[in-house]
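Since the structure comes first, as structure tokens, the remarks are kept for the end.
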Amino acid sequence: MTVKTEEKTLEIILDEMVNVVENSKDEIFHISEEARSEYEQLSRELEETKTKVIDYIEDGDQLEQNVSYSRKRLSEVSKHFDRYGEDEIREVYESTHALQTQLAVMRQEEEILRQKRDELERRLLNLDQTIKRAEGLASKITVILTYLTDDFKQVNDMLEEAKEKQEFGLKIIEAQEEERKKISREIHDGPAQMLANILLRSELVDRIFREGSSDDALNEIKSVRKMVRTSLYEVRRIIYDLRPMALDDLGLIPTIKKYIATTAEYNNVKIEFTSIGKDERLNQKYEIALFRLAQESIQNAIKHADATVINVKLEIYKQYVTLVITDDGKGFDPSEKKDKSFGIIGMRERVEMFNGVMKLKSSPGNGTKIIMQVPYEAY
Ligand SMILES: Nc1ncnc2c1ncn2[C@@H]1O[C@H](COP(=O)(O)OP(=O)(O)OP(=O)(O)O)[C@@H](O)[C@H]1O
Ligand SMILES: [Mg+2]
């Protein structure tokens with residue numbers, strides 16, 4: 001529960017971070033768009049100003065020529081006072097003065113335009129730098145976003161996976177504890193109880209025999225013998241569940257055969273066994289795994305299927321081993337997950353540990369078939 005909440009919190013924080021970064025990216029985009037449109041406007045203004053400066057220079061030059069002509073004429077009329085009338089001299093003088101004033105104004109305006117042009121150029125340079133900086137920032141933010149959305153999410157996924165594994169590990173430990181409890185209860189309720197009973201009964205036999213009824217004593221002994229046999233089966237079953245010793249001594253096929261024989265007899269069910277291929281010892285870890293796989297499948301068919309016939313087929317070839325268990329029982333829906341069931345999950349894990357594949361075919365009313373194949377290099 002806590003693990004899930006932590007994952008959720010992490011996801012919320014991540015989403016918020018992505019949101020903030022995305023907003024910043026939008027803002028930067030906005031800034032750079034504004035800068036770009038201002039840049040265009042200023043560029044236009046600069047072009048206009050430059051044209052105006054040129055016009056002013058040309059007009060100014062023209063005016064300068066006019067001024068110099070007018071001045072020449074003024075010095076001419078000034079030299080020859082006698083030839084020109086007073087009015088004419090004044091007129092030349094005034095027009096020269098007017099032209100000079102006009103030129104001065106024009107030069108000043110030209111200077112102002114030049115200053116404006118320089119200022120515009122400076123601002124354009126600054127804007128260009130702003131645009132470049134914004135673009136650089138935007139691409140960095142894109143990298144951050146990719147990191148947050150892809151890479152970081154991957155880290156989150158990995159974290160989730162690791163936590164799931166951890167949870168699964170804990171479940172396995174719990175299941176082991178549960179198994180130990182079950183075994184101790186089985187020994188306590190089964191063989192231990194029976195041994196206590198046998199002890200009592202044997203004392204009874206003793207007494208009956210001493211009291212003279214040998215027939216009764218014989219009957220009692222028969223019943224004790226039956227109890228001993230059942231206890232023996234129980235003890236053997238428990239040992240088998242823990243670790244079949246025959247597996248180390250005799251190998252896979254004889255052990256499965258023995259297991260099938262006792263299980264079939266005790267549960268009153270028909271279990272058929274066929275083995276194809278090489279009848280030779282496999283690597284120990286394969287023998288244990290295959291035995292456990294067969295054992296769990298058979299136990300499931302007995303516990304859940306209500307089967308009349310269970311079929312076990314083992315094929316050992318040079319490069320792979322196949323185990324197929326079929327029952328004619330009631331079947332089930334494999335997509336339905338059960339909370340406290342680890343049998344099938346464990347089987348799948350075991351098969352995958354050996355790089356094998358497991359297929360389970362079952363549906364209500366149609367029995368169950370489990371096919372497991374693991375690669376095996378015999379030589
Ligand atoms: N051969 C089968 N026939 C019918 N139902 C089956 C068969 N095998 C499994 N099931 C169903 O699938 C469920 C899961 O089986 P699984 O072996 O994983 O767990 P389990 O037997 O319930 O418990 P565990 O094996 O952990 O002691 C069973 O509870 C049962 O309902
Ligand atoms: Mg099971």
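Each reported figure results from applying straightforward, stated rules to the coordinates on display, with no laboratory input. Worth saying up front: this structure is predicted, and the values here are computed from it rather than measured. All Cβ positions, glycine included, derive from the backbone under ideal geometry; neighbour counts span all protein chains shown.
Data overview
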item	result
Karplus 3J(HN,Hα) series, Hz, for the stretch 118-123 with 6.51 cos²θ - 1.76 cosθ + 1.60 (x for Gly, Pro)	4, 4, 4, 4, 4, 5
Charge dipole (the stretch 128-266, unit charges on Cβ, about Cα centre) - positive-most of ASN197, ILE260, LEU159	ASN197
Sparse-neighbourhood loop sites, trypsin sites (Lys or Arg not before Pro) in the stretch 289-379 - DSSP loop, at most 11 other Cβ within 10 angstrom	LYS318, LYS337, LYS338, LYS340
Within the chain, percent of DSSP bridges classed antiparallel, to nearest 5	70
Overall Cα dimensions of the chain, principal axis frame, Å, largest first	188, 45, 39
Value of Rg to Rh for the stretch 25-77 (Rh from inverse mean 1/r over Cα pairs, i.e. Kirkwood)	1.55
Principal axis box of the stretch 178-300, alpha-carbon based, largest edge first, Å	61, 32, 26
Karplus-derived 3J(HN,Hα), 6.51/-1.76/1.60, for each residue of the stretch 33-49, Hz, glycine and proline x	5, 4, 4, 5, 6, 5, 4, 5, 5, 5, 4, 4, 4, 4, 4, 4, 4
Pairs of Cα atoms farther than 18 Å apart, the stretch 188-257, %	53
J(HN,Hα) series, the stretch 202-214, from Karplus relation 6.51 cos²θ - 1.76 cosθ + 1.60, nearest Hz, glycine and proline x	5, 5, 5, 4, 3, 5, 4, 5, 5, 7, x, 9, 6
Globularity ratio of the stretch 118-165, using Cα Rg and 2.2 N^0.38 Å	2.11
Signed unit charges on C-beta, dipole axis of the chain, positive-most listed residue SER139, PHE209, GLY169	PHE209
Eligible lysines near LYS132 by straight Cα distance, threshold 22 Å, same-chain separation 8 or greater	LYS25, LYS140
Placed amide H near ILE310: partners under 5 Å, 5+ positions off or other chain	LYS270, ILE271, GLU272
Debye intensity ratio I(q)/I(0), log10, the stretch 2-169, q values 0.20 Å⁻¹ (C-alpha model)	-1.16
Anchor LYS340: lysines whose Cα lies under 26 Å away (excluding residues fewer than 8 positions away in-chain)	LYS4, LYS8, LYS163, LYS165, LYS171, LYS181, LYS182, LYS303, LYS330, LYS359, LYS361, LYS369
Cα centre as origin, Lys/Arg/Asp/Glu Cβ charges: the stretch 249-375 dipole, Debye	180
Reduced Cα scattering model of the stretch 249-375, Debye log10 I(q)/I(0), q = 0.20 Å⁻¹	-1.19
